[in-house]
Amino acid sequence: MQQLPPSQWTELADLIGQCMDYDSAFRPSCRSIIRQLNSLITSDYVILHAAEPVTQSPMSIAVNPAPYDHTLFEERHLCYISPLGKGNFGCVELCRYDPLGDNTGELVAVKKLQPNKGPNLEDFQKEVKTLSVLHCDYIVKYRGVCYSMGRLSMSLVMEYLPYGSLNGYVWTNRHNITTRRMLLFASQICKGMEYLQTLRYIHRDLAARNVLVANDSLVKIADFGLTKVLPFDKEYYRLSQPGQSPLFW
Ligand code: ADP
Ligand code: MG
């Protein structure tokens, strides 16, 4: 008889083990199974530890308390509204996080990996981790993560910037956008990049498509999918592996 491979998620494996007990008296009740599954899905597991590189597979992730205020969004409360955009790797959707189910929840932008495109889950975890430690008025705000398919898949939850990407905004407003406003945006992008530089981050993909417009007088840098950290003993970043890097910022 063929056996299922053992689950690496030990708490889940333990629960499955309990359900398979030969003695029915020792099997958990349906109510208890649901309670335990819920606690596994919404417990304080943290896959992103700000101080550690994320190198583990999603199923072997340590149960570490986060050193920063992280938020776990529950998939069942994230209500899809519309697509916001697609880049080379991810697709971003407008959703309402509506735990009360009465349409009063806040709007958020949710980024997922496009299947079989570019980076793997580990790269995506790095992007999430990078954004989670950035706190600057000119950088899109991290809100949290949302797990799906148990914990095999993950989405990045960000603040929603209603005017979308800067390239679209500039095109739509090409007849009335002033030089003064363009300079304001340019100075905000510079401030965001200056902040990144103080943390030794190199964005590597700065482009109008990756700058988002919050309102007519505020833009924010987004898309940290290609971002790297400059080691302390290095003065500049040297591309060592052939890979996707449209601009070498
Ligand atoms: P990729 O890594 O695939 O390039 P991006 O993070 O650049 O993904 O997002 C793709 C597009 O989705 C952006 O160019 C923008 O139009 C839209 N988008 C991304 N994040 C947001 C957001 N927080 N609010 C509104 N639109 C967004
Ligand atoms: Mg992009």
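Values in this text are rule-based calculations from the coordinates and carry no lab data. Just so it is clear, the structure is predicted and the values come from calculations on it, not from any experiment. A quick note on method: Cβ atoms are made from the backbone with ideal geometry, for glycine too, and the neighbour counts reach across all protein chains shown.
For segment 142-249, the relative contact order is 26 percent, taking Cα pairs closer than 8 Å that sit 6 or more residues apart in sequence and dividing their mean separation by the residue count.
Taking 37 °C and 0.692 mPa s as the conditions, I'd like the Stokes-Einstein D for segment 72-183 in µm²/s, using the Kirkwood hydrodynamic radius from alpha carbon pairs. Rounded, D is 212 µm²/s. Between amide H atoms placed 1.01 Å from N, distances below 5 Å from residue 153 occur with 148, all of them 5 or more places distant or on a separate chain.
Measuring r between the beta carbons of residue 103 and residue 238 and using R0 = 35 Å, the FRET efficiency lands at 0.10. Annotation note: trypsin sites (Lys or Arg not before Pro) in segment 155-224 located in DSSP loop regions with a Cβ neighbour count of at most 13 within 10 Å are 174, 200. Beyond 25 Å between alpha-carbons counts as too far, so tell me which of 111/234; 112/191; 141/191 fall in that bin. Violating the 25 Å Cα-Cα cut-off are 111/234; 112/191.
Taking a cut-off of 20 Å between Cα atoms, list the aspartates and glutamates near residue 228, but don't count ones fewer than 8 places away on the same chain. Straight-distance partners of residue 228: 52, 122, 123, 127, 194, 205.
If you wrap the Cα atoms of segment 107-158 in a convex hull and average its projected area over all directions, you get 4.1 nm².
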